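Asker: Have a look at the structure that comes next, please.
Nothing in this text is a laboratory measurement; each read-out follows from the coordinates by a stated rule. Because the structure is predicted, anything quoted here is derived from the model rather than measured. Reconstructed Cβ throughout: ideal geometry from the backbone, glycine too, with neighbour counts over all protein chains shown.
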């Protein structure tokens, strides 16, 4: 979104030099020119200062203030299947998945049984702010396993030292035993920071406790290491100042960032509207792919055949078009066609997941959706706002609206498939099937992908 500085034409201005004959753009200067004894010492001090500044920039570049946009936290990319950022708990820093599909804070304990080795862990013994919860243990069941956790309270800070989002008594769950594939030796995170709405059983959500009213997610794209960004602001307006035209989507219930999904179709692949009368779509930073319900299972099979034969002809593949909360959106081929590292073949990012809700079949719009649309999660208004983004998380330079179809278009013209480590793709906890309760009756743990 920031404009690049204009380039200086060759020879437009001579390089300025100081009294020692040294270039003002460099600290390198031959000792022959340093005729004063203090000059060499000064140069060494300046060089040390610049090195310290470089180290400071490395620390601060992951979390910083950005004009009117508020506090910005970098999301580190892990193979285009997962993004992590730091969270501080009791003065201890843990890499965490910032997960819009769940509402609680989980942290691997230093006392955990069966947890993989080599991960950063939380130790209550190293904290002066820990307080125990009312219950000693809780069992949490996910689609791919269970975990045993001890409730407690801790001083928590989003992102680390410079963040204003901090609270002294934040509820969390200290994981003491896990039988889930979500944490293996290669997992890059030790905590799950839930950014979701209050849980169906009345679990207290994290964000209001920490003073967060509104936040946005934008994921850069182009390489497996392209970062993402989560920005925290006082209002949706402050987070939308630097985007293109945004559309507002009403939430359909209180427990998830979910909207009403209608008019879902893909010409030549998914002809009939499978969301009749409606479906539900959960926007989830913790899911690597786009999941489709049983009613749209044919989409996965048909698209697999098309992609295998058209890997190098993606321009002829159709876009997936739909309306989310009455807003027409689309995922173009460059959003859903990917390839594995070291492979020349292509695949797609759709996965079958037989989940239903009282409001209709459930779709999960995971990372592929968030790479195409800058998304603002507006807590106080109970809405999501979306605007197309370009690969660098800036407003796109091309038209935002496909006027023939009326769909907000998030394409950037790229036809090179994104590289995704398909062996590490993760799905929501309920991926094995079942009821996703949107009527606040049964707690379904949210969305870090326990495959």
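Asker: By the gyration tensor of its Cα atoms, with a ≥ b ≥ c the square roots of the eigenvalues, what is the shape of segment 68-209: rounded for a/c under 1.5, prolate for a/b over b/c, or oblate?
Answerer: rounded
Asker: For segment 332-384, what class follows from the C-alpha gyration tensor (a ≥ b ≥ c being the square roots of its eigenvalues): rounded when a/c is under 1.5, otherwise prolate if a/b is larger than b/c, else oblate?
Answerer: Since a/c reaches 1.5 but b/c is at least a/b, the shape of segment 332-384 is classed as oblate.
Asker: Taking 7 Å along the Cα-to-C-beta vector as the label spot, tell me the residue 254-residue 294 distance in nanometres, rounded to one decimal.
Answerer: Reported label-point gap for residue 254 and residue 294 is 3.0 nm.
Asker: Which of rounded, prolate or oblate describes segment 267-397 when judged by the alpha-carbon gyration tensor and an a/c cut-off of 1.5?
Answerer: oblate
Asker: Could you work out the relative contact order of segment 68-209? I mean the mean sequence separation of Cα pairs under 8 Å and 6+ apart, divided by the number of residues, in percent.
Answerer: 33
Asker: Also: Can you grab the distance from the C-alpha centre of segment 122-155 to the C-alpha centre of segment 219-254, Å, no decimals?
Answerer: 31
Asker: What ranking, highest mean first, results for peptides 71-84, 364-377, 113-126, 217-230 when packing means the other Cβ atoms within 10 Å averaged over each residue?
Answerer: Order by mean packing, descending: 364-377, 71-84, 217-230, 113-126.
Asker: Obtain the nm distance between the two label points defined at residue 380 and residue 129 by a simple spin-label model: each point lies 7 Å from its Cα along the Cα-to-C-beta direction.
Answerer: 2.5
Asker: Still on this structure: Using mean Cβ contacts within 10 Å as the protection proxy, how do 100-110, 245-255 order, highest first?
Answerer: Listed from highest to lowest mean packing, they are 100-110, 245-255.
Asker: So the label point goes 7 Å from the Cα of residue 304 along Cα→C-beta, right? Which residues of segment 327-363 then have their backbone N under 18 Å from it?
Answerer: Counting backbone N atoms under 18 Å from the label point, the list is 336-340, 345-355.
Asker: I need to check one value: relative contact order of segment 200-263, counting alpha carbon pairs closer than 8 Å and at least 6 residues apart, in percent.
Answerer: 22
Asker: Compute the relative contact order of segment 331-394 as a whole-number percentage, counting only Cα pairs closer than 8 Å that sit 6 or more residues apart in sequence.
Answerer: Relative contact order of segment 331-394: 23 percent.
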